[in-house]
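Heads up, the thing below is written out as structure tokens.
The values are calculated or read from the model by the stated rules, or taken from the named source; none is laboratory data. Because the structure is predicted, anything quoted here is derived from the model rather than measured. Positions of Cβ are backbone-derived with ideal geometry, glycine not excepted, and every protein chain shown enters the neighbour counts. What goes into the accessible areas is simple: the full protein's heavy atoms, side chains included, and nothing from ligands, DNA or RNA. Shrake-Rupley method; radii C 1.70, N 1.55, O 1.52, S 1.80 Å.
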Amino acid sequence: ASTTASPKEDRVRERAAQAGSVVSPLPVIGRLTVAKQLQVLLVALAFFVAIAGFVIFVDYRAATHGTIYVSNAGQMGMLSQRISKATQAGLSGSAAGFTQLKLSRDQFAQALALLTQGGQVSGITLPPTSDKVMPALEALGKDWENTDRNVAQVLAQQKNLIGLGTAVRSINNNNPML
């Protein structure tokens, strides 16, 4: 491969010089023929497009994971309130309260496991939460163990509490003066 300019390229440079423009070769590749310069520039372009594609992929993946983490954390806040409300309803003897309590308890445990251990969500494999957040999740996990144990005790008394709630409602309905 020749690195000297062809007669045609020389004529192009001469015409450009006559037109008053300054023609200076490209740094590093300026001594190559125009065809070789185009090849080098196209390879460089392909390289930078590949890097940009990789950066976009990594950014998209990080944004998707971040969205799932934040969504789960928000859901856990809502579930903790729902557990509290369902526990109160269950202690009042409401069968629907016990159903809600079981469901909310299971969903909270699943969300906590997803954040701490990772897993599949909507076809996306989610890694565990970053090490920066893990201490807070571990503290939440310890609190959750206590809460889960208390919820289990309430759920174990479901039959008795529903019976008591039914009896209290029956007494209140049959004896309005009380």
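So, for the chain, what is the accessible surface per residue at a probe of 1.4 Å, expressed in square angstrom?
71
Order the peptides 68-74, 140-146, 87-93, 53-59 from the highest to the lowest mean number of other Cβ atoms within 10 Å of their residues.
87-93, 68-74, 140-146, 53-59
Sorted from largest to smallest, which semi-axis lengths in Å does the alpha carbon gyration tensor of segment 85-157 give for its equivalent ellipsoid, taking the root of 5 times each eigenvalue?
The three semi-axes for segment 85-157 are 28, 15, 7 Å.
Using Cα-Cα distances under 8 Å and only pairs 6 or more residues apart, what relative contact order does the chain have, in percent?
Once normalised by length, the contact order is 17 percent.
Taking θ as phi - 60°, what are the ³J(HN,Hα) couplings along segment 37-44 by the Karplus curve (6.51, -1.76, 1.60), each to the nearest whole Hz, with x for Gly and Pro?
4, 4, 4, 4, 5, 5, 5, 4
Carbon and sulfur together cover what percent of the accessible area of the chain at a 1.4 Å probe radius?
On the way: 7790 of 12560 Å².
The value for the chain is 62 percent carbon and sulfur by accessible area.
How large is the translational diffusion coefficient of the chain in µm² per second when you combine the Kirkwood radius over alpha carbon pairs with Stokes-Einstein at 4 °C and 1.567 mPa s?
57
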